[in-house]
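So that we are looking at the same thing, I have put the structure below in structure tokens.
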Amino acid sequence: MTPVLERILYIEDEEMLRTVTNLALTRIGGFKVELCDSGTKAVETARNFKPDLIMLDVMMPVMDGPATLRALQTDPETAGIPVVFITAKVQPREVEAFRALGVVDVIAKPFEPMGLAGQVRAVWNRFHGG
């Protein structure tokens with residue numbers, strides 16, 4: 001049986017996108033969401049929040065998505081949490097490269113806020129073989 005997806009950590013440096021995504025995931029999806037504005041804060045937040053899934057922006061200052069992903073993968077407390085990149089970089093070669101880094105999927109920006117929770121659930125179900 002597929003585990004229930006309840007807790008999502010969303011890492012995004014743009015405040016407006018954090019706000020829209022938070023509303024889409026909490027109000028429409030019914031998820032408990034924790035927000036981070038940088039990769040640097042993400043690892044500590046992930047340890048404390050213990051999300052079921054992490055959604056991670058690729059293009060961020062200081063510590064970008066791939067660097068944040070590596071930090072999460074090397075921390076024993078967060079290594080097992082599935083990560084989804086959310087990015088405008090969705091050319092097939094880019095998506096393939098992201099998957100090679102270890103993300104379970106890539107969600108394209110811009111996304112349709114009303115459909116985001118459904119997209120996230122579909123990714124979760126595919127990841128768990130559903």
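Among the candidates THR40, THR2, which residue alone is over 16 Å from PHE127 (Cβ atoms) and modelled with pLDDT under 95? Let's see the steps before the verdict.
On the way: THR2 fails: over 16 Å from PHE127 (Cβ atoms).
Unique residue meeting the criteria: THR40.
Are there any pairs with C-beta distances below 6 angstrom linking a residue in region 103-126 that is more than 17 Å from LYS32 (Cα to Cα) and in contact (Cβ under 8 Å) with a residue 24 or more places away in the chain to a residue that is assigned to a loop (DSSP other than H, G, I, E, B) and open to solvent by less than 30 Å² (accessible area, probe 1.4 Å), with the two at least 6 apart or on different chains, and if so which?
That search, which allows pairs on different chains as well, returns nothing.
Residue-wise test of (1) buried (at least 20 other Cβ atoms within 10 Å of the Cβ); (2) in contact with a Pro (Cβ under 6 Å, 6 or more places away or on another chain); (3) over 24 Å from GLY130 (Cβ atoms).
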| residue | (1), (2), (3) |
| --- | --- |
| GLU6 | no, no, no |
| GLU12 | yes, no, yes |
| VAL20 | no, yes, yes |
| ILE28 | no, no, no |
| ARG47 | no, no, yes |
| LEU56 | yes, no, no |
| MET59 | no, no, yes |
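Related question: Tell me, please, whether a residue that is within 22 Å of MET1 (Cα to Cα) and part of a loop (DSSP other than H, G, I, E, B) can be found in region 52-70. If you could, list the steps in order and put the result at the bottom.
First pass over region 52-70, keeping only residues within 22 Å of MET1 (Cα to Cα): 52-54.
Narrowing the set further to residues that are part of a loop (DSSP other than H, G, I, E, B) leaves 52.
Taking every residue of region 52-70 in turn, at least one turns out to be within 22 Å of MET1 (Cα to Cα) and part of a loop (DSSP other than H, G, I, E, B).
Next question. Quick one: how many residues across region 61-77 are over 16 Å from PHE127 (Cβ atoms), of a type outside the set (D, E, K, R) and either touching a residue at least 60 places away in the same chain (Cβ under 8 Å) or open to solvent by 50 Å² or more (accessible area, probe 1.4 Å) (or both)? It would help to see each step written out before you state the result.
Of region 61-77, the ones over 16 Å from PHE127 (Cβ atoms) are 61-68, 70-71, 74-77.
If we keep only those that are of a type outside the set (D, E, K, R) too, we end up with 61-63, 65-68, 71, 74, 76.
Those left that are additionally either touching a residue at least 60 places away in the same chain (Cβ under 8 Å) or open to solvent by 50 Å² or more (accessible area, probe 1.4 Å) (or both): 61-62, 74, 76.
Of the residues in that region, 4 qualify.
Give the residues of region 30-45 that are crowded, with 23+ Cβ neighbours inside 10 Å and either assigned to a helix (DSSP H, G or I) or among the β-branched types (Val, Ile, Thr) (or both), sorted by residue number. Reasoning before the result, please.
Taking region 30-45 and keeping what is crowded, with 23+ Cβ neighbours inside 10 Å, we get 36, 39, 42.
Within region 30-45, GLY39, ALA42 meet the criteria.
Restricting to region 114-130, name every residue that is part of a helix (DSSP H, G or I), open to solvent by less than 70 Å² (accessible area, probe 1.4 Å) and either touching a strand residue (DSSP E or B) at 6+ places or on another chain (Cβ under 6 Å) or closer than 18 Å to VAL83 by Cβ (or both).
Taking region 114-130 as the starting set, the residues that turn out to be part of a helix (DSSP H, G or I) are 114-127.
Among the residues that remain, those that are also open to solvent by less than 70 Å² (accessible area, probe 1.4 Å) are: 115-118, 120, 122-125.
If the condition is that a residue be part of a helix (DSSP H, G or I), open to solvent by less than 70 Å² (accessible area, probe 1.4 Å) and either touching a strand residue (DSSP E or B) at 6+ places or on another chain (Cβ under 6 Å) or closer than 18 Å to VAL83 by Cβ (or both), then LEU116, ALA117, VAL120, ALA122, VAL123, TRP124, ASN125 are the ones that fit.
Kindly establish whether VAL95 is modelled with pLDDT of 95 or more and assigned to a strand (DSSP E or B). Reasoning before the result, please.
Working: modelled with pLDDT of 95 or more: yes; assigned to a strand (DSSP E or B): no.
Judged against the criteria, VAL95 is not a match.
Collect the residues in region 1-24 that are closer than 23 Å to ALA71 by Cβ, of a type outside the set (Asp, Glu) and not in a strand (DSSP E or B), keeping them in residue-number order.
Quick first cut of region 1-24, residues closer than 23 Å to ALA71 by Cβ only: 5, 7-15, 17-18, 21-22.
Narrowing the set further to residues that are of a type outside the set (Asp, Glu) leaves 5, 7-11, 17-18, 21-22.
Once the filter is applied, which keeps residues that are closer than 23 Å to ALA71 by Cβ, of a type outside the set (Asp, Glu) and not in a strand (DSSP E or B), region 1-24 yields LEU5, LEU17, ARG18, THR21, ASN22.
Identify, by number, the condition in (1) of a type outside the set (D, E, K, R); (2) open to solvent by 50 Å² or more (accessible area, probe 1.4 Å); (3) in a helix (DSSP H, G or I) that GLY80 doesn't meet.
(3)
The values are calculated or read from the model by the stated rules, or taken from the named source; none is laboratory data. As the structure is a computational prediction, the values presented were derived from the model and not from experiment. Positions of Cβ are backbone-derived with ideal geometry, glycine not excepted, and every protein chain shown enters the neighbour counts. Heads up: the accessible areas ignore ligands, DNA and RNA and are worked out on the full protein's heavy atoms, side chains in. Shrake-Rupley method; radii C 1.70, N 1.55, O 1.52, S 1.80 Å.
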